[in-house]
Amino acid sequence: MIYIVLSTMLLYFIHLALPKILTFKNHRDFSPIQVRLDKDPNIPSYVGRIHSATKNLQESLPVFFACAVLSIVTNVDSTSFGLAWIILRVIYLFLYAYKLNPYRTIAWLGSVVCLILMALNLIQ
């Protein structure tokens with residue numbers, strides 16, 4: 001489970017850096033990505049969608065970390081749910097970036113179900 005937590009941290013850093021990396025060629029300033037998106041209409045729309053996927057990840061990340069840390073501390077094996085969660089979040093990023101809306105919702109819902117199953121696994 002520790003490797004899944006570390007992989008999730010890496011995923012989060014990639015989420016944070018990806019929009020900045022994709023816009024750094026045209027904007028060599030270090031302003032926040034939201035300022036860049038508001039300032040320049042020539043930035044591709046998928047960069048804004050990646051930024052929105054990052055904000056969505058930030059909403060579920062505390063729940064994942066709480067369940068993951070509790071499962072480590074209590075020696076409850078939630079590895080399969082954690083691995084499924086991180087895989088679904090990676091899939092969600094690509095589906096969100098390419099505007100594949102019905103599949104994006106399914107991936108998001110699957111990641112929420114994984115969080116619920118992680119929490120229920122702690123109770124048993």
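Quick notes
- Selection status of residue 44, touching a helix residue (DSSP H, G or I) at 6+ places or on another chain (Cβ under 8 Å), over 16 Å from residue 88 (Cα atoms) and at pLDDT below 90: yes
- Residue identified as surrounded by 12 or more Cβ atoms within 10 Å (Cβ to Cβ), in contact with a helix residue (DSSP H, G or I) (Cβ under 9 Å, 6 or more places away or on another chain) and small (Gly, Ala, Ser) among 17, 53: 53
- Residues in the range 56-68 that are surrounded by 17 or more Cβ atoms within 10 Å (Cβ to Cβ) and among the acidic types (Asp, Glu): none.
- Which numbered condition residue 68 misses (of (1) at pLDDT 95 or above; (2) more than 19 Å from the chain's Cα centre (by Cα)): (2)
- First in the range 43-60 and without any contact (Cβ under 8 Å) to a residue 24 or more places away in the chain, second anywhere and hydroxyl-bearing (Ser, Thr, Tyr) and part of a helix (DSSP H, G or I), Cβ under 7 Å, 6 or more apart: 43/23
- Residue among 82, 110 that alone is outside any loop (DSSP other than H, G, I, E, B) and farther than 18 Å from residue 62 by Cβ: 110
- Only one of the listed residues (14, 50, 21) is in a helix (DSSP H, G or I), farther than 19 Å from residue 99 by Cβ, out of contact with any strand residue (DSSP E or B) (no Cβ under 8 Å at 6 or more places or on another chain) and modelled with pLDDT of 90 or more. That residue is 14.
- Of all the listed residues (80, 45, 71, 31), the sole one being small (Gly, Ala, Ser), under 30 Å from residue 118 (Cβ atoms) and surrounded by fewer than 16 Cβ atoms within 10 Å (Cβ to Cβ) is 80.
- The condition of being in a helix (DSSP H, G or I) and closer than 17 Å to residue 5 by Cα holds for only one of 89, 36, that being 89.
- Take the conditions (1) out of contact with any Asp or Glu (no Cβ under 9 Å at 6 or more places or on another chain); (2) free of Cβ contacts under 8 Å to residues at least 24 places away in the same chain; residue 36 misses just one of them, which is (1).
The values are calculated or read from the model by the stated rules, or taken from the named source; none is laboratory data. As the structure is a computational prediction, the values presented were derived from the model and not from experiment. Backbone-built Cβ (ideal geometry, glycine too); neighbour counts: all protein chains shown.
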